[in-house]
Amino acid sequence: RLLYEKVSGTEGTTISIDNVSKQKDDIISDSNENTMLWVNVAVANSLPQVALEQTARLLYLHNFDVQRAHLDIVSDTDNGMVTLLRMLVQPMHDVVVNEATLLLLKRELKRSKWLDPSTASLVFDRYPWLGVKRGEIITAFCSLMHPIMAKKNNLIFSKANILETVTNEKNIGLAAEVADLFLDRFNPKAPLSDEELESRSCDLITKIKNDTEDTNGADLLEKMIEIVKHTLKTNIYLKDRYTLGFRLDPAVLVAENETRELPYGVIFAHGRRFNAYHVRFRDIARGGLRLVTPSTPEQYALESSHQYDECYGLAFAQQLKNKDIPEGGAKAVLTCELTGLSEIGKNFVKRKSVKAFTDSILDLVVETEESKKHIVDFLGKKEIIYLGPDEQIIPEDIEWIIKRANRRGYTIPAAFMSSKPRAGINHKEYGVTSEGVHVFLDVALRRSLNIDPLTESFTIKMTGGPDGDVAGNEIKILIREYGDNAKIVGIADHSGCAEDPEGLEHEELLYLVKNSLSIVHFNDTKLGPQGVVHNAETEQGFKARNSMHNRLEADAFVPAGGRPNTIDIHNYTQFLKSDGTPSSPLIVEGANLFITSDARQALFEDAGVIIVKDSSANKCGVITSSYEICAAMMLTEDEFYSQKEQIVEDVLNKLRGLAKMEAELLFREFENFPGSLPHMSQVISNAINTATDAIVTALDDISESERQELMPLFRAHLPKSLVGPAFDQALENVPEQYIKNAIASHISSKMVYKEGTQFIENQHKDRLAQTALLYIKKEKEIAELIEALGETDMQDKEKQKIVRLLEQGGTRTALALDLQ
């Protein structure tokens, strides 16, 4: 009972070991002179068979013979279940049973639930002398090296080859020494200094060069030392950690000859059947957590090789789209190995992996008495991370993460994860991402194709199904805004595709959206004479689904679902017809990274395709999450829920306004300056982010009175319903740095959307922040002038002309006069 209560409501494991006198148990023969022990294990949310097998295996490896075993499964209400094991064991081979022996056994039994099979095999089967901690470090480093070393040679440095090379009999001793170096560097009792680390690293590298005949093995072992030197924090010494986590200096993940922008920070976690990255580009950052679940070992190895690059690309895209909010861009990608598991087993591993990874993040960012005692911090600063749900993250995951953040002491736990069921804004329910995508589509149709969708018919094709977030809501919005003018000629999703040159029937599409059904469920009796539904489970349907986005002709293509890099530099020509013209002259990217950057440029140069980049088109989802998190800081759950509908309405109005301002600027700059639309999108993001960074730095040096003068800008950043009577009191819960970032991003986006990117580029870098703050003052002066103008006796017609002139260029002109 006591063991059950210790793990109830958690994902933990607890163990007790009790002595048994042989007189108390008649199953012990008189000839056995050894001590008998009861080993009691309570493990939350583990498959009972796995728990039993792992426990028995560990006991055997520690030279304990199992004489009797009891297993019970007890419900833990909403938290799942608890497996209770009670095993009577007898020491074998003259094993000395003492406090140290039992402590090691307890520690390894507690870790066994979270050990990856590769780690378990390494330390329990191949090299029992290695120990669990060293084994975890070695397999984690092997996983971490894969995306880096695969760029050097993806065959030699495949995932399997890396593990085999590092752990073969010739190299395992050196690998163990690298693990010892890591353990000593982060030993909370006496951590290695930088000088000691450098000295021991040099000695170990010399030893590797002298003792290793295999150059590939030497490269890997030296890379492992580099990882040790670039690790800033780890949870390796936390007693109840779920998985092994590292806060890394991102420089360690840079491959040879790479020149792309370095992230602000990277967290890597290695756990049972998964590896995960969290990449972010600013100190305070926001981005979604997605699950990647390859279906075969080969696909898993492929996904593993570019997992970091996918996470980096998504985080960088997020950084570009986060220009309107206080948080920088971030993303988390968790790749699960599910080969050979049943559907129940697959779901079990996915849910457990999400818990383990997010708990690892909390290990590294939440400061507690335990973490101060057991975590050596070479980073030296507090970190704030905000997550959101992405692919395959379910409501139960969100609820668990928030509860866990609260239990772990995260400041404002409701802010750690967005899209909470009650006190959140569900993206799919309210279609927040699609509202923004649609604004960009509307402006693009008018500006690039000269189509007025309110009065003229147009055709569109989409990837992403009616049951999806972005695609399903875009279907609803298209029908809501344009009615029969919107002819959706093709939709493809995971299940297949439906095609009809006359347009798929709207009523049937709305039925699928309402009932969260995939496109393969489209009623084929509702198709026109040339319409067809393809099921991806057939060979023909699979090919049709995978080629629909290329084959079908339409005025516009909206990728609103699908895997990253679907269209790349090697296959982009398939999007073109035989005469070289595109199957769609306009693409609005509702999905992230559907088209690679080089393929975008090639489509523009070869076929003139107008592409609205993802970092512009689908930015409204992350803006919503930012508002939701800010609301979590300022309102209680009950306060939020009581005015939720008004908050959502205000957020949607904000989203449409921000999307409209960027869309108009995007096409204005595209028409006036050379370059493709994706290039212009990135120029806009860079201009806003550059100004934001400069202003944030400047705000650190302003006085309290100057700071108070800028607080109306924080109010202006928020949806109206968050700026109520209790605003000043609620403000106490918002971190000061967050407010500074919000003010800075608000000023920057306001300037760029109004004045254009050249306005920022023409400013001297050292005076950019000063100019921006002066711009706000001049804007206020112009607003006061317009208000005063309203009280004059001038004729309304003349008055309106002056007002328009002042609104269009008054602030810029006043600023220029002041700077002369």
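How many residues does the range 703-725 contain that are of a type outside the set (S, T, N, Q), outside any helix (DSSP H, G or I) and without any contact (Cβ under 8 Å) to a residue 40 or more places away in the chain? Spell out the reasoning first.
Looking only at the range 703-725, we keep the residues that are of a type outside the set (S, T, N, Q), and these are 704, 706-707, 709-720, 722-725.
Still in the list and also outside any helix (DSSP H, G or I): 718-719, 723-725.
Retained after the next criterion (residues that are without any contact (Cβ under 8 Å) to a residue 40 or more places away in the chain): 723-725.
Residues in the range 703-725 being of a type outside the set (S, T, N, Q), outside any helix (DSSP H, G or I) and without any contact (Cβ under 8 Å) to a residue 40 or more places away in the chain: 3 in total.
Within the range 718-730, is even one residue among the β-branched types (Val, Ile, Thr), under 20 Å from GLY424 (Cα atoms) and open to solvent by 30 Å² or more (accessible area, probe 1.4 Å)?
Narrowing the range 718-730 to residues among the β-branched types (Val, Ile, Thr): 723.
When the remaining residues are screened for being under 20 Å from GLY424 (Cα atoms), the result is 723.
Keeping just the survivors that are open to solvent by 30 Å² or more (accessible area, probe 1.4 Å) gives 723.
Within the range 718-730 (the criterion being among the β-branched types (Val, Ile, Thr), under 20 Å from GLY424 (Cα atoms) and open to solvent by 30 Å² or more (accessible area, probe 1.4 Å)), the answer is yes, since at least one residue qualifies.
Among the residues making up the range 555-565, those that are under 31 Å from the mean Cα position of the chain (by Cα) and modelled with pLDDT of 95 or more are ALA556, PHE557, VAL558, PRO559, ALA560.
Of the residues making up the range 154-167, those that are more than 16 Å from GLN307 (Cβ to Cβ) and open to solvent by 40 Å² or more (accessible area, probe 1.4 Å) number 4. Scanning the range 496-531 for residues that are in contact with a strand residue (DSSP E or B) (Cβ under 7 Å, 6 or more places away or on another chain) and of a type in the set (S, T, N, Q) turns up just one, SER518. For the residues LYS778, LYS740, the requirement of being basic (Lys, Arg), assigned to a helix (DSSP H, G or I), open to solvent by less than 60 Å² (accessible area, probe 1.4 Å) and closer than 27 Å to GLY328 by Cα singles out LYS740. Taking residues in the range 785-812 that are in contact (Cβ under 8 Å) with a residue 40 or more places away in the chain, and partners anywhere that are of a type outside the set (Asp, Glu) and surrounded by 14 or more Cβ atoms within 10 Å (Cβ to Cβ), the pairs with Cβ atoms closer than 7 Å and at least 6 places apart or on different chains are THR811/TYR775; THR811/LYS778; THR811/ILE782.
Tallying residues that are open to solvent by 30 Å² or more (accessible area, probe 1.4 Å) and touching a strand residue (DSSP E or B) at 6+ places or on another chain (Cβ under 9 Å) within the range 633-684 yields 1. Listed by first and then second residue, the pairs with beta-carbon distance under 8 Å, at least 6 apart or on different chains, first residue in the range 312-328 and within 19 Å of LYS660 (Cα to Cα) and of a type in the set (A, V, I, L, M, F, W, C), second open to solvent by 10 Å² or more (accessible area, probe 1.4 Å) and part of a helix (DSSP H, G or I), are LEU320/GLN682; LEU320/ASN686; LEU320/ASN689; ILE325/VAL622.
Kindly list the number of the only condition in (1) open to solvent by less than 10 Å² (accessible area, probe 1.4 Å); (2) touching a residue at least 40 places away in the same chain (Cβ under 8 Å) that fails for PHE575. (2) is the only condition that PHE575 fails.
A single member of LYS151, LYS170, LYS207, LYS133 is open to solvent by 60 Å² or more (accessible area, probe 1.4 Å) and closer than 27 Å to GLU258 by Cβ, and it is LYS151. Among the residues of this structure, ALA617 does not count as one that is out of contact with any strand residue (DSSP E or B) (no Cβ under 9 Å at 6 or more places or on another chain), touching a residue at least 40 places away in the same chain (Cβ under 8 Å), of a type in the set (A, V, I, L, M) and buried (at least 24 other Cβ atoms within 10 Å of the Cβ). Of the residues in the range 594-604, not one is in a loop (DSSP other than H, G, I, E, B) and surrounded by fewer than 17 Cβ atoms within 10 Å (Cβ to Cβ). Applying the criterion of being open to solvent by 20 Å² or more (accessible area, probe 1.4 Å) and β-branched (Val, Ile, Thr) to the residues of the range 223-279, the residue that is nearest to THR206 (Cα to Cα) is VAL254. Within the range 578-590, can you find the residues that are within 22 Å of the chain's Cα centre (by Cα) and among the small types (Gly, Ala, Ser)? GLY590 - this is the single residue of the range 578-590 that is within 22 Å of the chain's Cα centre (by Cα) and among the small types (Gly, Ala, Ser).
Looking at the range 360-473, what helices (runs of 4 or more DSSP H) fall wholly within it and have at least 3 residues that are surrounded by fewer than 22 Cβ atoms within 10 Å (Cβ to Cβ) and in contact with a Ser or Thr (Cβ under 9 Å, 6 or more places away or on another chain)? Steps first, please.
Numbers: elements: 369-374, 395-408, 427-430, 432-448.
Ranges flagged: 395-408.
Being free of Cβ contacts under 8 Å to residues at least 60 places away in the same chain, more than 22 Å from HIS438 (Cα to Cα), open to solvent by 10 Å² or more (accessible area, probe 1.4 Å) and in contact with a Phe, Trp or Tyr (Cβ under 9 Å, 6 or more places away or on another chain) is a condition met by no residue of the range 497-511. Count of the range 591-634 residues, restricted to those that are aliphatic (A, V, I, L, M) and within 16 Å of the chain's Cα centre (by Cα), is 5.
Looking only at the range 87-108, residues that are within 40 Å of the chain's Cα centre (by Cα) and open to solvent by 40 Å² or more (accessible area, probe 1.4 Å) come to 4 in all.
One line per residue, one yes/no per condition, for (1) of a type in the set (Lys, Arg); (2) at pLDDT below 95; (3) out of contact with any Lys or Arg (no Cβ under 8 Å at 6 or more places or on another chain):
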site	(1), (2), (3)
GLN299	no, yes, yes
TYR308	no, no, yes
GLY313	no, yes, yes
GLN318	no, yes, no
LYS321	yes, yes, no
VAL333	no, no, no
GLY340	no, yes, yes
LYS352	yes, yes, no
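If you go through the range 297-319 and keep only what is within 17 Å of SER158 (Cα to Cα) and small (Gly, Ala, Ser), you end up with ALA301, SER304, SER305.
Which one is nearest to HIS230 (Cα to Cα), of the residues in the range 143-189 that are aromatic (Phe, Trp, Tyr) and in contact with a helix residue (DSSP H, G or I) (Cβ under 7 Å, 6 or more places away or on another chain)? Show your work before the answer.
Step one: list which residues in the range 143-189 are aromatic (Phe, Trp, Tyr), which gives 157, 182, 186.
Restricting the remaining residues to those that are in contact with a helix residue (DSSP H, G or I) (Cβ under 7 Å, 6 or more places away or on another chain) gives 157, 182.
Details: PHE157: 21, PHE182: 11 Å.
That would be PHE182.
Against the numbered list (1) touching an Asp or Glu at 6+ places or on another chain (Cβ under 7 Å); (2) not in a strand (DSSP E or B), GLY490 comes up short only at (2).
Just wondering, is there one or more residues in the range 528-542 that are touching an Asp or Glu at 6+ places or on another chain (Cβ under 7 Å) and either in a strand (DSSP E or B) or of a type in the set (D, E, K, R) (or both)? Looking through the range 528-542, at least one residue is touching an Asp or Glu at 6+ places or on another chain (Cβ under 7 Å) and either in a strand (DSSP E or B) or of a type in the set (D, E, K, R) (or both).
Total residues in the range 726-737 satisfying the condition of being more than 27 Å from the chain's Cα centre (by Cα), part of a helix (DSSP H, G or I) and farther than 25 Å from ALA769 by Cα: the figure is 5. Looking across PHE268, PHE246, one residue alone is touching a residue at least 40 places away in the same chain (Cβ under 8 Å), assigned to a strand (DSSP E or B) and touching a Ser or Thr at 6+ places or on another chain (Cβ under 7 Å). It is PHE246.
For the range 754-772, the condition holds for no residue, the condition being that it is surrounded by fewer than 21 Cβ atoms within 10 Å (Cβ to Cβ), under 18 Å from SER625 (Cα atoms) and either touching a residue at least 24 places away in the same chain (Cβ under 8 Å) or within 32 Å of the chain's Cα centre (by Cα) (or both).
The values are calculated or read from the model by the stated rules, or taken from the named source; none is laboratory data. Keep in mind that what you see is a predicted model, and the values were worked out from it rather than measured. Don't worry about glycine lacking a Cβ; one is built from the backbone with ideal geometry, like all the others, and counts go over all protein chains shown. In case anyone asks, the SASA skips ligands and DNA or RNA and just uses the protein heavy atoms, side chains included. Shrake-Rupley method; radii C 1.70, N 1.55, O 1.52, S 1.80 Å.
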